[in-house]
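The values are calculated or read from the model by the stated rules, or taken from the named source; none is laboratory data. All values reported here derive from a predicted model rather than from experimental measurement. Cβ placement follows ideal geometry from the backbone for every residue including glycine, while neighbour counts extend to all protein chains displayed.
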């Protein structure tokens, strides 16, 4: 699933292309793409047609586009969603779910989603300018967000009483961190994914936050992490940060820091990758 850097790459592309433009038309080609817009396709189209995109914002893995007139277009890419700027005359392809036409442009914005887990909906704007709409207000700030409060994050971790990686994946606790960047951030912090959160020190939490910020910032420069053709920017180009991963997906390969073979453990129907030497597993408490 695309994580914060991949979604931020898409956001930046959309901000440069769509902000300030007016939507002239919209077309819903698959009902699952707007399943969270309960009034249905006709209302969705009516709520976006003729509206100007004021900006393109992000909260965690959600994109939210304020529209003039007070509504917000909210979207999530799901596991395989792509937002692509293409020529309006281009063939639709088998997985096209939504399309948006814009004034004075021969290109259009298309939402393509092979697995149909992503989607969009229109909702009222927040009462305060610049705040995310109520529908996604429960999503916590991400580590790159100026609103992220590291001291509050530390206090919440100490109260959580769970494993460190499980806490990092909780989007209501800290947003934007997924499986890849959790493993990479923890490798940088030299901490194991199963470390009990209530045992963490302030310095260790600072290392975790710094590690996650470092890996996300580097991934942004590289355009995100792409293991296949699904994760692309609005121009259809893949990122290349997968070439810089230290532990994720590198089972039995030598650690870049100490040479110890990387270990893979089952984790929440997924995997967790660590260096057994750099990230020793915590001892079981009696």
Among the residues of region 222-229, is any in the same structural domain as residue 187 (by TED's automatic domain parsing), at pLDDT below 85, in contact with a strand residue (DSSP E or B) (Cβ under 6 Å, 6 or more places away or on another chain) and part of a strand (DSSP E or B)? no
Looking at region 112-127 only, could you name the residues that are part of a loop (DSSP other than H, G, I, E, B), within 20 Å of residue 45 (Cα to Cα) and over 17 Å from the mean Cα position of the chain (by Cα)? 125
Within region 28-48, can you find the residues that are surrounded by fewer than 17 Cβ atoms within 10 Å (Cβ to Cβ), assigned to a helix (DSSP H, G or I) and under 21 Å from the mean Cα position of the chain (by Cα)? 32
Residue tally, condition in contact with a helix residue (DSSP H, G or I) (Cβ under 9 Å, 6 or more places away or on another chain) and either surrounded by 19 or more Cβ atoms within 10 Å (Cβ to Cβ) or closer than 27 Å to residue 175 by Cα (or both), over region 7-27: 5
Might you check whether a residue that is closer than 15 Å to residue 119 by Cβ and free of Cβ contacts under 8 Å to residues at least 12 places away in the same chain occurs anywhere in region 44-51? no
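Table: residues versus (1) modelled with pLDDT under 95; (2) in a helix (DSSP H, G or I); (3) surrounded by fewer than 15 Cβ atoms within 10 Å (Cβ to Cβ); (4) over 23 Å from the mean Cα position of the chain (by Cα).
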site: 104; (1), (2), (3), (4): yes, no, yes, yes
site: 145; (1), (2), (3), (4): yes, no, no, no
site: 188; (1), (2), (3), (4): no, yes, no, no
site: 207; (1), (2), (3), (4): no, yes, no, no
Scan (1) assigned to a loop (DSSP other than H, G, I, E, B); (2) modelled with pLDDT of 90 or more for the single condition residue 130 breaks and write down its number. (2)
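Residue-by-condition table, conditions (1) under 22 Å from the mean Cα position of the chain (by Cα); (2) in contact (Cβ under 8 Å) with a residue 60 or more places away in the chain; (3) under 19 Å from residue 12 (Cβ atoms); (4) in a strand (DSSP E or B):
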{"position": "79", "(1), (2), (3), (4)": "yes, yes, no, no"}
{"position": "90", "(1), (2), (3), (4)": "no, no, no, no"}
{"position": "93", "(1), (2), (3), (4)": "no, no, no, no"}
{"position": "99", "(1), (2), (3), (4)": "yes, yes, no, yes"}
{"position": "110", "(1), (2), (3), (4)": "yes, no, yes, yes"}
